[in-house]
Amino acid sequence: MLNATPASLGYRWPAEWEPHAATWLAWPRKPETWPGKFAPIPAVWTRLVRTLAQFEPVHILAGGEGVMAQARSLVGGLSNVTLHDIATNDVWTRDHGAMFLSGRDSLPPALVDWEYNAWGGKYPPFDLDNAVPGHMARLTGRRCFTPGIILEGGAVDGNGSGTVLTTEPCLLNPNRNPQLSKPEVERFLVDFCCAKKILWLGGGIAGDDTDGHIDELARFVGPTTVVAALEEDPKDENYEPLQDNYRRLLAMSDAQGRPLEVVTIPMPRPLFHNDTRLPACYMNFYIANGVVIVPQFGDAADRVAIETLGRLFPTRQIRGLDAVDLVWGLGAFHCITQQQPA
C-alpha cells in the first residue's frame, strides 16, 4: 500500500508498562551536558544498567574507542547487556531514539523514525542522534516508518489503547515544525502514534529545556489512570502551570470515553545549578519488566513518590535511584531510556 501509515495498517503504540523485549540507552560521552559535573555520570549509568539488566535485556549505543572501553569496563561483563559500536551526540535516547510499534501477527515488527533537532536546535550538533532510529531499525530488523517531522519521545505519552497525552508549548512550538497547524500535528499523531484521541496539557516546569515535555508533567500508569506532578507551594513558579494541568486532566476522558483517574505526586523542593533551576521531578520514572525506576533527589517527597508508584504498580519492584547528578544535565531516567516492546 503506497504511503500507508502505521495506523492504517493496524499497528499500535504499546504502553510502557506492557512487556518489553529490551531497553535501549546511549552511553554518556559529552561533558558539556553536565558542566563541571561529568565525573560521577558513568556511575549513574552503571547503577541504572545493573538494575535494568536484572529484569530485561539492555542495549547500549557506545560508539567510539574511549566510550566503548569505558562502557565495556563498567557494564560490558553483565549478562543481559549488549554494547553497540554506534556513536551518538548525546544520551537522550527517549527523544532521539526510535518509537517502537506493535501490530497483529501478520504485520512485521515496526518502528517510527521521527526527525530530531535537539529541542528546537538548542544543542548542536545532533546529526548522529538523528540517525539513531535508522541504526535501531537495522539492528532489530524492523520495518521503519519515516513521518518526516520533528517529534521527541519525551513529548508524548500513551496508554496503549489510542489515547495520547502531550503538551501545547512543545508540539506547537515554532522551533519544531513551524509549517504545521495544530490539526496537522494531530494528524501525524493519529497516523504514526496510532492515536484515537489526543489530550493536550499546558505549561512545563521551570528549568525544563524541552519546552514542556509530558514526561516531566504527567504519565499514564494504566489505561485510564494518570499520575501527575503537583506543586503545593502557591509561591513556587511551578504552582500555577501544574495546577492548570491538573484541572485539565480532571476534565479529560480517554479514547473510549472513560474519565481519567488522576493521582498526584508532589514536586521535590527546588534544586539549582548555579542560579539555574533544574527540572527535578518524579514524573521521569521508567517502567520496565518487573520494576519501576524512580528518580530520587534527597527530598522528603522521595518516599511519597516511591509509595505512590508502589500502589500503582503492585506487581513490580519500585527502585529509587539517586538522580541529583543526572538532573544536572536537565533530564532523568525516562529521558535516557527507550523501551522496545516484546
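I'd like to verify a number: residues in the range 154-194 that are in a loop (DSSP other than H, G, I, E, B) and without any contact (Cβ under 8 Å) to a residue 60 or more places away in the chain, how many?
Selection size over the range 154-194: 11.
Have a look at Gly77, Gly64 and point out the one that is surrounded by fewer than 19 Cβ atoms within 10 Å (Cβ to Cβ) and at pLDDT below 95.
Result: Gly64 is the single residue among Gly77, Gly64 that is surrounded by fewer than 19 Cβ atoms within 10 Å (Cβ to Cβ) and at pLDDT below 95.
Please work out if Phe272 is surrounded by fewer than 18 Cβ atoms within 10 Å (Cβ to Cβ), of a type in the set (A, V, I, L, M, F, W, C) and closer than 26 Å to Thr93 by Cα.
Here the answer is yes, as Phe272 does meet what is asked.
Given the options Arg138, Arg104, Arg94, name the one that is among the charged types (D, E, K, R) and within 22 Å of Ile214 (Cα to Cα).
Arg94
State whether one or more residues within the range 62-71 are among the charged types (D, E, K, R) and under 24 Å from Val327 (Cα atoms).
Within the range 62-71 (the criterion being among the charged types (D, E, K, R) and under 24 Å from Val327 (Cα atoms)), the answer is no, since none of the residues qualifies.
Within the range 272-315, how many residues are in contact with a Ser or Thr (Cβ under 9 Å, 6 or more places away or on another chain), not hydroxyl-bearing (Ser, Thr, Tyr) and not in a loop (DSSP other than H, G, I, E, B)?
4
Restricting the range 233-291 to residues that are of a type in the set (S, T, N, Q) and free of Cβ contacts under 8 Å to residues at least 60 places away in the same chain, which is nearest to Asp325 (Cα to Cα)?
Asn274
Can you say whether Phe333 is touching a residue at least 60 places away in the same chain (Cβ under 8 Å), buried (at least 18 other Cβ atoms within 10 Å of the Cβ) and under 17 Å from the mean Cα position of the chain (by Cα), as far as the supplied structure shows?
When the stated conditions are applied, Phe333 passes them.
How many of the residues making up the range 1-54 are of a type in the set (Gly, Ala, Ser), assigned to a loop (DSSP other than H, G, I, E, B) and more than 16 Å from the chain's Cα centre (by Cα)?
Result for the range 1-54: 5.
Looking at the range 125-143, which of its residues are assigned to a loop (DSSP other than H, G, I, E, B) and of a type in the set (A, V, I, L, M)?
Ala131
Would you confirm whether or not the range 88-99 contains a residue that is at pLDDT below 95, among the acidic types (Asp, Glu) and either within 21 Å of the chain's Cα centre (by Cα) or part of a loop (DSSP other than H, G, I, E, B) (or both)?
So far as the range 88-99 goes, no, none of its residues is at pLDDT below 95, among the acidic types (Asp, Glu) and either within 21 Å of the chain's Cα centre (by Cα) or part of a loop (DSSP other than H, G, I, E, B) (or both).
If you take the residues of the range 2-31 that are in contact with a Leu (Cβ under 6 Å, 6 or more places away or on another chain) and closer than 28 Å to Ala43 by Cβ, which of them is surrounded by the fewest Cβ atoms within 10 Å (Cβ to Cβ)?
Looking at residues that are in contact with a Leu (Cβ under 6 Å, 6 or more places away or on another chain) and closer than 28 Å to Ala43 by Cβ, I get Thr23.
The values are calculated or read from the model by the stated rules, or taken from the named source; none is laboratory data. In this text, all values refer to a predicted model and were calculated from it rather than measured experimentally. Using ideal geometry, Cβ is built from the backbone for each residue, glycine included, and neighbour counts are taken over all protein chains shown.
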